[in-house]
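Just below is one structure, and these are the notes that go with it.
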Amino acid sequence: MRKKLLALITTCALAVTALTGCGKNNSADPYTGTLILATWDNNLYNFIEDYEIIEKFQERYPNIEIEIEKVKGDSEYWDAMKMRSSANQLPDIMFNKTFTLSRFKDYLLDLSETTAAKNNELAAGYAVNGKILGVPTTSGYEYVYYWKDIFAEAGVEVPTTWNEFVEAGVKLQKYYETKDPDFMALALGMKDEWPNYPFMEFMPSLESGNGQNWNTMATQDAPFAEGTDTYKAYVKANELFNSGALGKDPLGLGHDQVVSMFTARKAAMLASGDWALQTIEKDAEDLSQLGTFYLPARNTEADPYNVIVQGDSFMGVTTHSKKPEAATAFVEFFFGAECYPDFINYISSASSMTTFPKEKHEVLKEADELCPDKVLVMYDGGGDDFIAIQNSVTFDYKKLGAQMITKDFDLNATFKELNEKWKNAREKLGIK
């Protein structure tokens with residue numbers, strides 16, 4: 001059977017391909033025709049090709065062709081899906097993040113009765129109005145990667161509280177920048193903005209232990225007021241970003257650049273998800289000194305050591321599919337014994353399936369060994385009310401993080417302005 005892998009860059013090209021794909025699904029047989037699967041995920045794209053997943057699926061369903069559309073990045077992906085949802089041209093199979101499930105809830109079929117959903121340890125926790133609209137392909141954890149020998153030479157121990165974390169960054173920076181003026185204690189490419197997500201997106205939930213933090217904010221008129229979880233989290237982030245631990249020019253460097261610095265051992269720490277391990281493994285010459293610990297957002301060792309866990313890359317079937325049975329069959333196949341074990345071992349992320357557990361990589365295990373008392377916080381990216389307010393206020397937490405290290409930035413003035421806009425937006429939108 002013929003397989004097409006379509007690497008598409010622009011949303012216009014994406015829309016044209018959707019039109020050509022939909023035209024092939026005229027057969028009355030639900031298991032004959034063409035399915036369009038669209039993703040931004042390089043690892044998934046490469047896995048499907050390397051393991052000949054489409055061919056294996058076609059051994060079971062020989063009359064189904066699958067075209068895979070690869071979009072450059074997730075931001076472009078959401079723009080494309082938004083455009084296509086309005087034109088009734090969504091792909092048969094699409095992927096979502098926690099924060100986009102509610103955005104596309106009217107365009108996704110309920111997968112609650114699938115075996116894939118029932119055997120997934122996280123899917124039900126992200127149900128929207130009681131419906132499982134996507135099955136997370138992975139269970140994602142966040143880590144701070146670090147070089148043990150770099151820590152040891154500077155006399156720095158693994159931190160277990162927030163103050164210790166900031167102090168470790170400052171001490172590392174002061175020690176090594178005398179030898180290398182480009183050194184970064186914490187590799188953070190603020191030029192791209194999004195890499196600050198461990199601090200700007202997850203810290204409020206780590207502060208409170210409330211994975212529904214964004215939804216809680218939607219019920220508040222002043223969620224940035226002094227004493228709120230978001231306020232406390234962003235005060236900490238601001239402190240870190242301006243401590244000097246990010247080196248001399250974090251705004252002038254992008255994510256790929258600082259990751260390269262980390263793998264070349266020109267940076268001591270990198271805060272990122274388990275997915276980053278694949279890049280580090282690929283580019284670093286030696287992993288013997290690579291370790292991990294969980295970001296210590298807590299104030300004291302007596303406080304809970306909260307750790308973010310979240311489902312990622314939720315595979316779903318759209319209401320625009322002309323072959324929903326076939327698309328659902330692919331979901332079942334992907335999460336079944338013929339595909340999922342190979343997939344989860346291909347990537348560095350943790351398994352989301354109870355039927356196919358995965359032992360963590362040795363590097364990632366260290367974080368658990370260092371933190372046996374961790375408290376898991378299931379992160380939710382925010383529901384309809386939060387997203388509506390966020391759009392009205394134009395609140396972009398990642399952009400805010402980058403602004404924190406610009407000259408003359410005033411965090412308290414920003415909090416005040418955000419609170420005023422937030423209250424007005426809730427009133428205007430009628431959100432209680």
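Things to note:
- A search for C-beta distances below 7 Å between a residue of segment 155-168 that is closer than 10 Å to Pro296 by Cα and among the charged types (D, E, K, R) and any residue that is at pLDDT 95 or above and buried (at least 20 other Cβ atoms within 10 Å of the Cβ), counting only pairs 6+ apart in sequence or on different chains, returns Glu164/Pro296.
- Here Lys179 meets the list (1) in contact (Cβ under 8 Å) with a residue 12 or more places away in the chain; (2) within 25 Å of Asp256 (Cα to Cα); (3) not hydroxyl-bearing (Ser, Thr, Tyr) almost entirely, failing just condition (1).
- Helices (runs of 4 or more DSSP H) within segment 292-393 that include 1 or more residues crowded, with 18+ Cβ neighbours inside 10 Å, in contact (Cβ under 8 Å) with a residue 40 or more places away in the chain and more than 22 Å from the chain's Cα centre (by Cα): 324-334
- Members of segment 141-178 that are open to solvent by less than 70 Å² (accessible area, probe 1.4 Å), in contact with a helix residue (DSSP H, G or I) (Cβ under 9 Å, 6 or more places away or on another chain) and among the charged types (D, E, K, R): Glu142
- The set of residues in segment 264-291 being more than 29 Å from Phe104 (Cβ to Cβ), crowded, with 21+ Cβ neighbours inside 10 Å and touching a Ser or Thr at 6+ places or on another chain (Cβ under 8 Å) consists of Leu277 alone.
- Residue that is surrounded by the most Cβ atoms within 10 Å (Cβ to Cβ), among those in segment 417-432 that are in a helix (DSSP H, G or I) and in contact (Cβ under 8 Å) with a residue 60 or more places away in the chain: Trp422
- The residue list Leu270, Leu246, Leu253 contains one member that is within 20 Å of the chain's Cα centre (by Cα) and in contact (Cβ under 8 Å) with a residue 12 or more places away in the chain, which is Leu270.
- Residue among Ala80, Ala87, Ala117 that is open to solvent by 20 Å² or more (accessible area, probe 1.4 Å) and hydrophobic (A, V, I, L, M, F, W, C): Ala87
- Of all residues in segment 96-117, those that are closer than 19 Å to Glu332 by Cα and free of Cβ contacts under 8 Å to residues at least 24 places away in the same chain have Cβ atoms under 7 Å from Cβ atoms of residues that are open to solvent by 40 Å² or more (accessible area, probe 1.4 Å) and not in a loop (DSSP other than H, G, I, E, B), 6 or more apart or on another chain, in Asp110/Lys131; Ser112/Lys131.
- Verdict on Ile132 being crowded, with 23+ Cβ neighbours inside 10 Å, in contact with an Asp or Glu (Cβ under 7 Å, 6 or more places away or on another chain) and at pLDDT 95 or above: yes
The values are calculated or read from the model by the stated rules, or taken from the named source; none is laboratory data. What you are looking at is a predicted structure, and each value in this text was computed from that prediction instead of being measured. Cβ sites come from the backbone with ideal geometry, for glycine too, and all protein chains shown count toward neighbours. Accessible surface is based on the protein model in full, side chains and every heavy atom, while ligands, DNA and RNA are left aside. Shrake-Rupley method; radii C 1.70, N 1.55, O 1.52, S 1.80 Å.
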